Amino acid sequence: QVRVVESGGGLVQPGGSLRLSCVASGTAVRVTAVGWYRQAPGSQRELVARIGSGGEVSYGDSMKSRFTISRDNANDTTYLQMNNLEPEDTAVYFCNAWFRRLSNGAPIEKWGQGTQVTVSS
């Protein structure tokens, strides 16, 4: 059994910052890659940032300059630091985690429920 829980969303003014947290955990599994995605109303879900088990990082188009993904393996938590936020960043932000079963290496994918980020004055 695996769980993915996001937190940290909210209302912020343009130019402000937020830090999202994603706790990905489970029984008899290990976490491999964790990613943040976002979906604005009427738009497709898009990659914000992703971090692999070895700390390798990738970002979606135009995300790298203001967003930073990091990982605290000891606490099963992945963070998304968002700076200089713009109204166009308003969206539901989802955490996506991949796990592997310790018994046989089988992959498991799990999405969180999402956390709303609203950038508005």
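Observations on the model:
- Spherically averaged projected area of region 39-102 from its Cα convex hull (nm²): 5.4 nm²
- Column: log10 I(q)/I(0), Debye, Cα scatterers of region 1-72, q = 0.22, 0.24, 0.29 Å⁻¹: -1.18, -1.32, -1.48
- Rh by Kirkwood over Cα pairs, then Stokes-Einstein D for region 67-121 at 0.890 mPa s and 25 °C, µm²/s: 182 µm²/s
- Accessible area of Ser70 in the full protein assembly, 1.4 Å probe (Å², nearest 10): 50 Å²
- For the chain, alpha-carbon Rg over 2.2 N^0.38 Å: 1.05
- Computed accessible area, Tyr93, all protein chains, 1.4 angstrom probe, square angstrom: 0 Å²
- Here the Karplus relation 6.51 cos²θ - 1.76 cosθ + 1.60, evaluated at θ = phi - 60°, turns the backbone of region 22-28 into coupling constants of 9, 9, 10, 8, x, 9, 6 Hz, with x for every Gly and Pro.
- Distance in nm between pseudo-label sites at Gln44 and Arg100 (7 Å out along the Cβ direction from Cα): 2.9 nm
The values are calculated or read from the model by the stated rules, or taken from the named source; none is laboratory data. Please read all numbers here as calculations on a predicted model, not as lab measurements. Neighbour counts are summed over all protein chains in view; Cβ atoms, including those assigned to glycine, are modelled from backbone coordinates with ideal geometry. Only protein heavy atoms, including side chains, enter the accessible area calculation; ligands, DNA and RNA are left aside. Shrake-Rupley method; radii C 1.70, N 1.55, O 1.52, S 1.80 Å.
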